[in-house]
Amino acid sequence: MSSHLISSLSNSNTDTYKRLVRLEAQLRRRLMAPWRAAAMASSQLARRAARRLLSSQHRRHCAAPACPWLLGSAPPVLAPSPVAAAAAGDRRGFCSVRRFTGESNAAAAAAAVEEAENGLVAGGDQAIDFPGGKVSFVAEMNFLPESQRERINCYRVLDDDGRTISGSRFQEVSKELALKMYSEMVTLQVMDTIFFEAQRQGRISFYLTSHGEEAINIASAAALTIDDIVLPQYREPGVLLWRGFTLQEFANQCFGNKLDYGKGRQMPIHYGSNRLNYFTVSSPIATQLPHAVGAAYSLKMDKKDACAITYFGDGGTSEGDFHAALNFAAVMEAPVIFFCRNNGWAISTPTSEQFRSDGAVIRGQAYGMRSIRVDGNDALAVYSAVHTAREMAIKEGRPILVEALTYRVGHHSTSDDSTKYRPVDEIEHWRTARDPISRYRKWVQGNRWWCDEDESELRNNVRQELLKAIQVAERMPKPPLAELFTDVYDEVPSNLREQERLLRDTIKKHPADYPADVHI
C-alpha cells in the first residue's frame, strides 16, 4: 500500500485510514517473519558454535569462562598459555557460512545446523558450497602470482635433426599417410612461392604465404575427417589443399574469374568450399571463433561423430571474440578445437607487447578447458596432438585449446615488409635451422621412404601444374556484373536494382575506367 494512497484516504475517511494502517502493519510483520527467523537461527548458530569453541578452549587451557559473541564481533581474548601460544597458529576465527546452492532460508539454516553438529564450522575445515564446487577458507591472505614460475612445456616428437626423441609418445602414421603429408607440405610451399611472385608481377592484387607454418596446415588437417567443420583465419590454405581443393580452384579464386566460388567478390586467398566443409575466409580477426562454437554445438545436438576446428593467430587472442568463444565453448561443452598459431609477431606486434600471460595455452585452463602446447614446426607432434584432441572433443563432448609455437618466415602479406620490425638474422635462422619441411623430410628419408629423385620430381610436377592453372585462370572471363547484387536476397530489392542501373550507366559513359573483360 503506497503512502500516497493512504494519505489521500486519510483526508476523506478517518476510520478507513486507520484500518489500512493496521493492515499495512500486519503485512509488514508477515513479510518480515521469515527473515527474522533466519536471522535468529543464524545468531543462535553463531552463539552455539562460539560456546562450543570457548568451552573446549576452557577445558584445555583453564581459560576464563566462555561468553557468547555475536556474528561479526571480535572473539573474547583468552589468557595465553604456553600450549595455547603454540597452537595459536592452528586456530582460525569462526564465521557463519550460508550455502549458495539455491536452498530456502529454512534449508540453509538446517544445513548450517548439521555442519555445526558435525564440527565443520571452525578452523581450517571450513568451506563453502559455491556454484562450481566447494571452496575452502584459509586465514592467510595469498594473492595468486601473475604467472607461473616455469613456462608450460611444449610437446615435441622430432628433434631439429628429424630424429624421434627417446621416450616420445605419438600417433603412429603409415608410410602412405607420411608421404602424403610430406607431398602436400611441399605443394603448399611451391604454391605460396609462385602466387607470391604472381602478385609481385601485378597479375593478382594480394597474397599471403604460409612459409614456416606448413606443418601446422597439413598435419592438423591430416588428423581430421572430412565431416569435421573448419573455420579458418586466412593462413590455412593447406587444410583446404589436404581436403582436395585443386590448384586450379586456388588459382580461380586468386584471379577472381567466373569459376571462383565467391564470384569475384572477395580478395585473393579468401577461399571457401561447401563441398569440403571449409567456411569462407573472413578478413576481420577472430570473428570465426564464436561461429565455430555454434557449429560445434549443432554437431553435438545432432549427435554427429564430428567436431569443429577453428584456426587463429596469436594476435587473435587479443580480440574480445576469443574470450567470448572460449567461455561459450567451455560452458556449453561444445566439441570444438581452438587451434592457435602462435608465430610470435601477429601482423607486426611481438607477443611480448600483446599479453603478459604464458602464451595462449594458459588461457584455456583459465576458462576451464583442456589445453596443450605443441611444437608447430614438428609435423608428427601437431598430428598427434590434434588427433588426440579430436577424440577427446567428440567422445567426451568438450572443447580443447591447442597452441602451436611456430614462426612466420614470410612477410605478413604482400602489403608488409617484416624486416622493418624484426631482425633479418632471426628470420633466416627460422627459415633454415627450424624449417618444418626440412625436419620432416629427414624423418621420412630416415625411414627410407623418400630420396632426392622423388624430391626433384615432386617439386617440378607441382610447379608445372600450378603454372598451367594460372594461365587458365587468367584467360577465364570475370563473373558477370549482375553477380555483384545476387546471393543476398531471394528477390533483389528495389534499392539494389537502382544501384545496378546506375553502375551500368556509369560504365557505359566511362568505359575506359572499367575492366574490358567484365561482362555487362
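The values are calculated or read from the model by the stated rules, or taken from the named source; none is laboratory data. Keep in mind the model is a prediction, meaning the values are calculated, not measured. Cβ placement follows ideal geometry from the backbone for every residue including glycine, while neighbour counts extend to all protein chains displayed. The area values use the complete protein model at the heavy-atom level, side chains included, leaving out ligands, DNA and RNA. Shrake-Rupley method; radii C 1.70, N 1.55, O 1.52, S 1.80 Å.
Key figures
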read-out: Residues located in the stretch 261-303, provided they are charged (D, E, K, R) and open to solvent by 80 Å² or more (accessible area, probe 1.4 Å); value: R265, R275, D302, K303
read-out: Of the criteria (1) over 25 Å from P480 (Cβ atoms); (2) touching an Asp or Glu at 6+ places or on another chain (Cβ under 9 Å); (3) assigned to a helix (DSSP H, G or I), which one A296 fails; value: (2)
read-out: Every residue from the stretch 491-520 that is among the aliphatic types (A, V, I, L, M), open to solvent by 90 Å² or more (accessible area, probe 1.4 Å) and not in a loop (DSSP other than H, G, I, E, B); value: A512
read-out: Any pair with Cβ under 9 angstrom, 6 or more apart, that starts in the stretch 183-197 at a residue that is farther than 14 Å from D454 by Cα and not assigned by the TED database to the domain that holds A221 and ends at one that is open to solvent by less than 10 Å² (accessible area, probe 1.4 Å) and assigned to a helix (DSSP H, G or I); value: none
read-out: Selection status of T414, surrounded by 14 or more Cβ atoms within 10 Å (Cβ to Cβ) and within 37 Å of the chain's Cα centre (by Cα); value: yes
read-out: Among the residues listed as L466, L458, the single one being of a type in the set (A, V, I, L, M), surrounded by fewer than 19 Cβ atoms within 10 Å (Cβ to Cβ) and closer than 27 Å to L177 by Cβ; value: L458
read-out: Residue match in the stretch 321-342 (condition: farther than 30 Å from I437 by Cβ, charged (D, E, K, R), open to solvent by 20 Å² or more (accessible area, probe 1.4 Å) and modelled with pLDDT of 95 or more); value: yes
read-out: Single residue of F255, F312, F206 found to be out of contact with any His (no Cβ under 9 Å at 6 or more places or on another chain) and either modelled with pLDDT under 95 or open to solvent by less than 10 Å² (accessible area, probe 1.4 Å) (or both); value: F312
read-out: Verdict on F195 being open to solvent by 20 Å² or more (accessible area, probe 1.4 Å), hydrophobic (A, V, I, L, M, F, W, C) and at pLDDT 90 or above; value: no
read-out: Residues that are more than 29 Å from the chain's Cα centre (by Cα) and among the hydroxyl-bearing types (S, T, Y), drawn from the stretch 124-153; value: S136
read-out: Tally of residues being more than 38 Å from the chain's Cα centre (by Cα) and surrounded by fewer than 11 Cβ atoms within 10 Å (Cβ to Cβ) across the stretch 472-490; value: 1
read-out: Tally, over the stretch 146-187, of residues that are open to solvent by 60 Å² or more (accessible area, probe 1.4 Å) and of a type in the set (V, I, T); value: 2
read-out: Filter result for S371 (buried (at least 16 other Cβ atoms within 10 Å of the Cβ) and of a type in the set (S, T, N, Q)); value: yes
read-out: Which listed residue, of F339, F245, is under 26 Å from S371 (Cα atoms), aromatic (F, W, Y) and in contact (Cβ under 8 Å) with a residue 12 or more places away in the chain; value: F339
